[in-house]
Structures are given as structure tokens and as C-alpha cells.
Amino acid sequence: MKIEDFLRDIPDFPKEGILFKDITPLLLSHEATKLCLDTLVSTLKDRKIDKVIGVESRGFFFGTLLAQKLNAGFVPVRKPKKLPYKTISASYALEYGTDSLEIHIDAIQPGDKVLIHDDVLATGGTAEAVCKLVEQLGGEIVQVNFLMELSFLNGRNKLTGKEIFAAITY
């Protein structure tokens, strides 16, 4: 079984020229989901993780599973005005526009060991913004991990000095 066999290509979504990698077929299979989770955790053995950040919205699926598997807390990072408590924010550019993300001001404590998870590393803007939020709150980033990396978009270039892991690379 291969994780990529459970991903579906959707052309021209969310706009023309984008080839969207749909993970919902993966989520429909408990075997594929387990394989993916085990792959994402494989490079974290014997490493302390206090918090797992899941990036809105597809990063929530495996982010919560990773937190449970690693005995860590889960922190949602969301789009503006979606979190109910006081937040800090960071803006970013992505392959089809710009946006910003927010995190609760008390979600990360100074010295917390943090795993950041999102579904896709594309241009790197989203991950870079989340790293800035974690560091602003005093967290230490252990790894930034992804279900898939679109290497041709060079997103790693925005994450210099960070350990990066992707279960699948295109």
C-alpha cells in the first residue's frame, strides 16, 4: 500500500492552473490513514513534543492524530477571526493569493517543543508564517512536517534552518 495511491488530483481547483491534491480518499481508508500517521511519526521517535500545531484546515486531520500519538497537546492555527480568545497573527503569500493566520496567545509556552503539521508544503508561505507565530510565543520548533511536498515550488527555501519532513514528495 502506498499513500499516494489514496490521493486524487483535481485540476483547476481552487482556481484555473492549480492541480489540487485531494486527501479525502486517504481519509476514507483507515488502513491508509494509519500508514500515513505512522510515516509522519517515523522521524520523531524518542523526541519530546509538547504541542502539535495543525494548520487550517486540512492540517487538523493529521495534526490531532499526531498529538494523540505523541501524547502532546493540539493547537489549531486558523484564519482570522476564527479563534475565540486573544490571538497574534502573521500574514503569508501562497500560490494563489495572500492570507493570514492566527494562534491563541496562550497556546505555546516559552520552551515548548513544537511539531508543526500541514497537509502540503507548496511555496512555503503558510509554514513560514506559522514558524514565526511559534517563535514569537517562545516555542522551539522540533520539526515542520507535511503529508506531501510539492518540491518544484521550492517551499523549503522559506524554512531555512528548520527540520522538514514530508511523507510524499512530488
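Under 5 Å between amide hydrogens, which residues at least 5 positions from residue 20 or on another chain qualify, with H placed 1.01 Å from N in the peptide plane?
10, 12, 13
Provide the descending list of Cα extents for the range 54-170 along its principal axes, expressed in whole angstroms.
Rounded to whole Å, the extents work out to 37, 31, 25 Å.
Return the long-range amide H neighbours of residue 112 (sequence gap of 5 or more, or a different chain), with a cut-off of under 5 Å between placed amide H atoms.
When sequence neighbours closer than 5 places are left aside, the close amide H contacts are 140.
Please compute one quarter of the surface area of the Cα convex hull for the range 1-71 and express it in square nanometres.
5.5
Leaving ligands, DNA and RNA out of it, work out the accessible area of residue 55 with a 1.4 Å probe and give it in Å² to the nearest 10.
0
The values are calculated or read from the model by the stated rules, or taken from the named source; none is laboratory data. The shown structure was predicted, so the numbers you read here are calculated from the model rather than taken from an experiment. Note: accessible area is taken over every heavy atom of the protein model, side chains too, but ligands, DNA and RNA are not part of it. Shrake-Rupley method; radii C 1.70, N 1.55, O 1.52, S 1.80 Å.
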